[in-house]
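Worksheet: one structure, shown below.
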Amino acid sequence: MRFGVYGFGAIGRLASRLILDRGHELVAVVDIDERIVGKDVGEVLGKGSLGVEVTKDISELVDADVVIHATGSYLDRVFDQIASVARMGVHVVSTCETLSYPYYRHPVLALRLDEIARSFGAVVIGTGINPGYLLDTLVAVLAASVPTVKRVRAVRSLDAAKRREPFRKKIGVGEDPKLVEERISRGEITGHVGYAESVYLIALAGDLNLAKVVEHQSAIPAVEDVESAGIKVLRGMNRGIRGYGAGYVGDREVIRVEFEAYVGAPEYEEIEIEGLEYSVKWRSTGTPGDLGTVTVALNVAERVPYMMPGLRFMTDMLPFKIRFTRG
């Protein structure tokens, strides 16, 4: 397949390496960073010359079958980028978190994007490790073995010290905890984006009509000096964040996803499916976020040429529905 990459930061570069390692062709890379514009993509990746230069010109992506898009978390900020590619009739797989289920935060833009994609014969889908897989699609897969599902709970925990610096910055590691929460509330830093999107994807997998979804996240002050992987946080400063998204039917919580990322945190994912007939629990030893994100994105990208044009969701790729209790 012929791939384009829109956004050549850490995720875009990791995706490009995986694209090449799998034997696909990388035909265009778009970015606005003046430090790399005009440079050979292969040289930026440390792979020697590939004969493809980093460019600001979006039209260079027209020769791609699929574009991996990785520039931002909020659809309202990247809508024009994605729509521009879709209007060329090129499929888009984006790591934009709110695109994984955009009807929650950006319903009008979601409808417009679906219309554009259908009109030009393109598939547009948002995915990644979380949201997109661990706390939603995988939950639905595990729930498929339970005849009647009463409630699901999914948790992801990771050690922020083992993640790259930009991630630590967006969760305010080492800053004043109160300031971190204020900055999150003002949108200056994001914390984790995607609690509600994961909740809605699980609900969609079970055709469940939710009465409401509640999201919350907060800073985690260090009660003592803590250090992990060479990153030290002093007592009283922020170790990271903890948050959740919860979906309700009436006043009953049916879906709950939790995420915590802080210095020294244990690394695991855990999913509990509570059923009428029986319950199941699954637990992992942790999943690398960046490589997991680009792997999911590329696996999806290899499938999108076989999907119907339009705005799609990860649940569209599931061969089944799950069944929730209705009472």
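The values are calculated or read from the model by the stated rules, or taken from the named source; none is laboratory data. Computed from a prediction, not measured in an experiment: that's the story for all the values here. Every residue, glycine among them, receives a Cβ derived from its backbone with ideal geometry; neighbour counts consider all protein chains shown.
A few comments on the model shown:
- Going through (1) out of contact with any strand residue (DSSP E or B) (no Cβ under 8 Å at 6 or more places or on another chain); (2) surrounded by fewer than 20 Cβ atoms within 10 Å (Cβ to Cβ) one by one, PHE79 falls short only on (2).
- Hits in region 83-96 - residues which are part of a helix (DSSP H, G or I) and within 24 Å of ASP290 (Cα to Cα): VAL85
- Annotation for region 281-295: at least one member residue is over 22 Å from the mean Cα position of the chain (by Cα), at pLDDT 95 or above and surrounded by fewer than 18 Cβ atoms within 10 Å (Cβ to Cβ).
- Tally of residues being more than 16 Å from ASN299 (Cβ to Cβ), in a loop (DSSP other than H, G, I, E, B) and not basic (Lys, Arg) across region 4-38: 10
- Only listed residue being crowded, with 17+ Cβ neighbours inside 10 Å, farther than 22 Å from VAL294 by Cα and small (Gly, Ala, Ser), chosen from GLY191, GLY187, GLY172, GLY128: GLY172
- Taking the criterion of being hydroxyl-bearing (Ser, Thr, Tyr) and in a strand (DSSP E or B), the only residue of region 40-67 that qualifies is THR55.
- Residue that is of a type in the set (Asp, Glu), in contact with a Leu (Cβ under 9 Å, 6 or more places away or on another chain) and assigned to a helix (DSSP H, G or I), where the choices are ASP76, ASP80: ASP76
- For region 240-270, residues that are closer than 21 Å to VAL280 by Cα and not in a strand (DSSP E or B) total 1.
- Residue in region 312-324 that is more than 22 Å from ALA144 (Cα to Cα), β-branched (Val, Ile, Thr) and out of contact with any strand residue (DSSP E or B) (no Cβ under 8 Å at 6 or more places or on another chain) present: no
- Residue check for LEU99: surrounded by fewer than 23 Cβ atoms within 10 Å (Cβ to Cβ), within 24 Å of THR295 (Cβ to Cβ), modelled with pLDDT of 95 or more and aliphatic (A, V, I, L, M): no
- Of residues in region 184-200 being without any contact (Cβ under 8 Å) to a residue 60 or more places away in the chain and not aliphatic (A, V, I, L, M), the one nearest to GLU258 (Cα to Cα): GLY191
- So LEU201, is it within 17 Å of ILE255 (Cα to Cα), hydrophobic (A, V, I, L, M, F, W, C) and out of contact with any Cys (no Cβ under 8 Å at 6 or more places or on another chain): yes
- Hits in region 272-294 - residues which are touching a residue at least 24 places away in the same chain (Cβ under 8 Å) and more than 27 Å from ILE68 (Cβ to Cβ): GLU272, ILE273, GLU274, GLY275, LEU276, GLU277, TYR278, SER279, VAL280, TRP282
- Selected residue (criterion: nearest to VAL66 (Cα to Cα)) from residues of region 303-327 that are part of a loop (DSSP other than H, G, I, E, B) and of a type in the set (A, V, I, L, M): MET307
- Any hit, region 165-183, residues being part of a strand (DSSP E or B), under 22 Å from the mean Cα position of the chain (by Cα), farther than 25 Å from THR315 by Cα and free of Cβ contacts under 8 Å to residues at least 40 places away in the same chain: no
- Breaking point among (1) in contact with a strand residue (DSSP E or B) (Cβ under 6 Å, 6 or more places away or on another chain); (2) closer than 27 Å to ALA117 by Cα; (3) surrounded by fewer than 14 Cβ atoms within 10 Å (Cβ to Cβ), for ALA301: (3)
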